[in-house]
Amino acid sequence: MTTLLVTGGAGFIGSNLVRMVAATGQYRLVVLDALTYAGNLQNLEGVIDGHRVIFVHGSITDAELLSKLFADHTIDAVLHLAAESHVDRSIASAAPFVETNVTGTLRLLEAARAASVRRFVHVSTDEVYGTLGPEDPAFTEETPLQPNSPYSASKAASDLLVRAFVHTYGMDCVTTRCSNNYGPYQFPEKLIPLMTLNALEGKPLPVYGDGRQVRDWLHVEDHCRGIMLSLERGRAGEVYNFGGFGERFNIDIVRGILEATGADASLIRHVTDRPGHDRRYAIDPRKATSELGWHPVHSVEKGLADTIAWYKENAAWCENVRSGAYLDYYAKHYGTSL
Ligand code: NAD
Ligand code: DAU
């Protein structure tokens, strides 16, 4: 059976991916995660079985650990999702983003190359393309890289390292660039879970600036299918964009959350804008559709309603994340403190 290494598998997208792939029974999965504040092993509750789905606690920056991991588990392919992912945190402090997203990706590429893995799927972001004006065409794979935040600069740097490993060493890598994801298990520092939990708790909803920035929302399940199609059908060395045809103003997303939760519009607070805030992202996913047969199946309206319902129904998960109790999960279940 093919063994996949999934980095960042305890995070939002990684855990949705692990759940989706584990349910098919088609692959053996080794999950590598450093369990930073964004990693939550509760996201994989009932999935890690030590046999078909194995968890390894460690960092992609640790070359020694990586070399042992590739040797011990005979990894066939890598799905690389581990990253520092939050733009606001990168503005507050850029160094961890360079360490994990750039140095970590380099170490992982080196270890994967040394182990002669068959394919390396690098999960990147539409933010590497920079920002769009209201009438600009959506990002294609040919759009020049113009990252604007320390986060997107670190992701663009990792994309270029992947490109260099393809060009220089002939490594089989595929890069995916995706728009804003939403869905279950997303850490409540990102717009949709933050606004949903605040609305449910009657707390203020901090909208940056005028709230008329545009994001192209994609349900996480649609993204995860795109990652697996990139693994199974993508052409070596290529980049594939994934987007949800889901462009919405932030303020409209927030109003939708208010409506779905029954919270009062007076909770909205327009606060100081994010420095260097990208105004609009939009993805043209036609290459993924024509080459991989991919298209998004979730509409933003239904997907958002389902997502809000998930946060309402999973009050214990929300409470553990809000209180920080989730950070003790590893120690409780694996017996060692982090
Ligand atoms: P996340 O922050 O929820 O999860 C990141 C995971 O990586 C966490 O489990 C964390 O513990 C782990 N991690 C961090 N540093 C690590 C290290 N040094 N070694 C090992 N593990 C480490 O992020 P996410 O939203 O799930 O994003 C996953 C990937 O998808 C990232 O590469 C991100 O850039 C990309 N992406 C995210 C979105 C989005 O909307 N969330 C959109 C496009 C692309
Ligand atoms: O486009 C893909 C990217 O989407 C991913 O690469 C990133 O990892 C992911 O974090 C996300 O980046 P954004 O900065 O777009 O996501 P965030 O949820 O932080 O913000 C979405 C929009 O909402 C953005 O315009 C900023 C705004 N916002 C965000 C927060 C947290 C607010 O107005 N208020 C807030 O409190």
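The values are calculated or read from the model by the stated rules, or taken from the named source; none is laboratory data. Values in this document were obtained by computation on a predicted structure and should not be read as measured data. Reconstructed Cβ throughout: ideal geometry from the backbone, glycine too, with neighbour counts over all protein chains shown. The area values use the complete protein model at the heavy-atom level, side chains included, leaving out ligands, DNA and RNA. Shrake-Rupley method; radii C 1.70, N 1.55, O 1.52, S 1.80 Å.
Taking segment 13-26 as the search range and keeping residues that are open to solvent by less than 30 Å² (accessible area, probe 1.4 Å) and within 24 Å of Ala111 (Cβ to Cβ), which one is farthest from ligand 1 (Cβ to nearest atom)?
Per the stated criteria, the residue is Val21.
So Tyr281 ticks every box in (1) more than 26 Å from Ala77 (Cβ to Cβ); (2) under 21 Å from the mean Cα position of the chain (by Cα); (3) open to solvent by 20 Å² or more (accessible area, probe 1.4 Å) but one. Which box is left unticked?
Condition not satisfied by Tyr281: (3).
Within the group Ile54, Ile75, which residue is in contact with a Leu (Cβ under 8 Å, 6 or more places away or on another chain), open to solvent by less than 20 Å² (accessible area, probe 1.4 Å) and either within 16 Å of ligand 2 (Cβ to nearest atom) or in contact (Cβ under 8 Å) with a residue 24 or more places away in the chain (or both)?
Numbers: Ile54 fails: open to solvent by less than 20 Å² (accessible area, probe 1.4 Å).
Of Ile54, Ile75, the one residue that is in contact with a Leu (Cβ under 8 Å, 6 or more places away or on another chain), open to solvent by less than 20 Å² (accessible area, probe 1.4 Å) and either within 16 Å of ligand 2 (Cβ to nearest atom) or in contact (Cβ under 8 Å) with a residue 24 or more places away in the chain (or both) is Ile75.
Across segment 130-162, what is the total count of residues that are under 19 Å from Thr100 (Cα atoms) and either within 15 Å of ligand 2 (Cβ to nearest atom) or in contact (Cβ under 8 Å) with a residue 40 or more places away in the chain (or both)? Walk me through it before giving the result.
Residues of segment 130-162 that are under 19 Å from Thr100 (Cα atoms), as a first pass: 147-162.
From what's left, either within 15 Å of ligand 2 (Cβ to nearest atom) or in contact (Cβ under 8 Å) with a residue 40 or more places away in the chain (or both): 147-159, 161-162.
So the answer is 15.
Take the residues in segment 228-257 that are in a helix (DSSP H, G or I) and within 14 Å of ligand 2 (Cβ to nearest atom); name whichever of them is most open to solvent (accessible area, probe 1.4 Å).
Of the residues in segment 228-257, the ones in a helix (DSSP H, G or I) are 228-233, 250-257.
Then keep just the ones that are within 14 Å of ligand 2 (Cβ to nearest atom); that gives 250-257.
Values: Asn250: 21, Ile251: 11, Asp252: 70, Ile253: 5, Val254: 1, Arg255: 128, Gly256: 27, Ile257: 0 Å².
Checking each candidate, the answer is Arg255.
Just to verify a result, which residue in segment 93-116, among those that are without any contact (Cβ under 8 Å) to a residue 24 or more places away in the chain and among the polar types (S, T, N, Q), is most open to solvent (accessible area, probe 1.4 Å)? Even if it seems obvious, please write down each step before you answer.
So the first thing to find is which residues in segment 93-116 are without any contact (Cβ under 8 Å) to a residue 24 or more places away in the chain, and the list is 93, 95-96, 116.
Pick out the ones that are also among the polar types (S, T, N, Q) and you get 93, 116.
Working: Ser93: 56, Ser116: 92 Å².
Per the criteria, the residue is Ser116.
Yes/no per residue for (1) farther than 30 Å from Gly58 by Cβ; (2) within 16 Å of ligand 1 (Cβ to nearest atom); (3) free of Cβ contacts under 8 Å to residues at least 12 places away in the same chain:
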{"residue": "Asp278", "(1), (2), (3)": "yes, yes, no"}
{"residue": "Asp284", "(1), (2), (3)": "yes, yes, no"}
{"residue": "Leu292", "(1), (2), (3)": "yes, no, no"}
{"residue": "Ala315", "(1), (2), (3)": "yes, no, yes"}
{"residue": "Tyr329", "(1), (2), (3)": "no, yes, no"}
{"residue": "Lys332", "(1), (2), (3)": "no, no, yes"}
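Among the residues of segment 185-218, which ones are more than 11 Å from ligand 2 (Cβ to nearest atom), within 23 Å of Asn16 (Cα to Cα) and open to solvent by less than 20 Å² (accessible area, probe 1.4 Å)?
Here is the first cut: in segment 185-218, the ones more than 11 Å from ligand 2 (Cβ to nearest atom) are 185, 196-197, 199-203.
So of that shortlist, the ones also within 23 Å of Asn16 (Cα to Cα) come out as 185, 196-197.
If the condition is that a residue be more than 11 Å from ligand 2 (Cβ to nearest atom), within 23 Å of Asn16 (Cα to Cα) and open to solvent by less than 20 Å² (accessible area, probe 1.4 Å), then Thr196, Leu197 are the ones that fit.
Suppose we filter Ala34, Ala38, Ala10, Ala83 for residues that are hydrophobic (A, V, I, L, M, F, W, C), crowded, with 24+ Cβ neighbours inside 10 Å and closer than 19 Å to Lys332 by Cα; which single one remains? Explain how you work it out, then say what you get.
Details: Ala34 fails: crowded, with 24+ Cβ neighbours inside 10 Å; Ala38 fails: crowded, with 24+ Cβ neighbours inside 10 Å; Ala83 fails: closer than 19 Å to Lys332 by Cα.
Of Ala34, Ala38, Ala10, Ala83, the one residue that is hydrophobic (A, V, I, L, M, F, W, C), crowded, with 24+ Cβ neighbours inside 10 Å and closer than 19 Å to Lys332 by Cα is Ala10.
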